[in-house]
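Below: one structure, written as structure tokens.
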Amino acid sequence: MISTADFFTPMIDSPYDWGRIAAANALSDVYAMGGTPVLAINLVGWPTDLLPNEVLTEVLRGGLDVGREAGCPVAGGHSITAPEPIYGMAVTGIADPDHLLRNDAAEPGLPISLTKPIGVGLLNNRHKATGERFEEAVHSMTRLNAQASRDALAAGARAATDVTGFGLLGHLHKMARASGVSAMIDHRAVPVIDAAREALRDGFVPGGSRRNLDWVRPHLSVENQAVGEDELVLLADAQTSGGLLVVGEIPGAPVIGETIRPRDGATLVVR
């Protein structure tokens, strides 16, 4: 049995899409372990004196629709009055204990695949500042990791994690550290949502992305002079409902690097 919970404040103006994104993000923790979600309950904090219940109805409708897409019943939940809107889910899943995806099971000498492009943190930050809507980002955040999880299991993968708030570099560092290996990634192979580089150029960098980079920098070795600070910030961009980072090769997902034997002082190598 897998049990997880995840919730956050809005990152997008549309209440319905926020509900979808939050639900997909909560379900992702189950998929990241190779499991199947079987039950979800809503977690809500709502400023009842500031926002009408009709807005909350749209949020819950978004979460319910994603639960239906996943084949996972959404059975009620719990709400409180809060100073700002919060929404997410607690999710229960099941998995075969002999076929789990773990974040401490990576072995050296294997390819690393990434199933969604990065850059949604930058685009969400731009959206909050300007109101611009980025459909590719919304599509990415609402896409379930169900098929990616099944593909990883079918390919015999044993190690995986999803890419969320700690960014690509942060989650890869955590997996490499827990597994006792290092990871080498090719920055040119990492898929990026088209508009994210423009958002980076224009300065829409979330504070969480910079904190991610500061956190991993002591464990990071850069072996390519073409990789500057902006590229590292992009690789550390804090994601919402990101893809699966799989140690192994799976259909349709780009290979962005490989696991290698441990290097003194560096769990991450960028080339």
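Worth a mention:
- Between Glu84 and Thr48, full extension at 0.36 nm per residue minus the direct alpha carbon distance yields a gain of 12.0 nm.
- A simple count of charges around Gly71, restricted to other residues whose Cβ falls under 14 Å of its Cβ and scoring Lys, Arg +1 and Asp, Glu -1, yields 0.
- Centre-to-centre, using Cα atoms only, segment 4-48 and segment 110-158 are separated by 14 Å.
- Relative contact order of the chain, pairs being alpha-carbon contacts under 8 Å that are 6 or more residues apart, as %: 27 percent
- Segment Asp98-Ile260, extension gain: residue separation times 0.36 nm, minus the distance between their alpha carbons: 55.8 nm
- Between Asp65 and Arg271, the C-beta separation translates, for a Förster distance of 35 Å, into a calculated FRET efficiency of about 0.25.
- Cα→Cβ-extended label distance, 7 Å offset, between Arg211 and Lys174, nm: 1.4 nm
- Helical contribution to [θ] at 222 nm, DSSP H n ≥ 4, -39,500 (n - 2.57), averaged over the chain, rounded to 500: -11000 deg cm²/dmol
- Relative contact order for segment 2-94, counting Cα pairs under 8 Å that sit 6 or more residues apart, in percent: 50 percent
- Kirkwood hydrodynamic radius of segment 2-94, from inverse mean 1/r over distinct Cα pairs, in Å: 12.9 Å
Every read-out reported here was derived from the displayed coordinates using simple, explicitly stated rules and does not represent laboratory data. Keep in mind it's a predicted model, so treat the numbers as computed, not measured. All Cβ positions, even for glycine, are placed from backbone atoms using ideal geometry, and neighbour counts span all protein chains on display.
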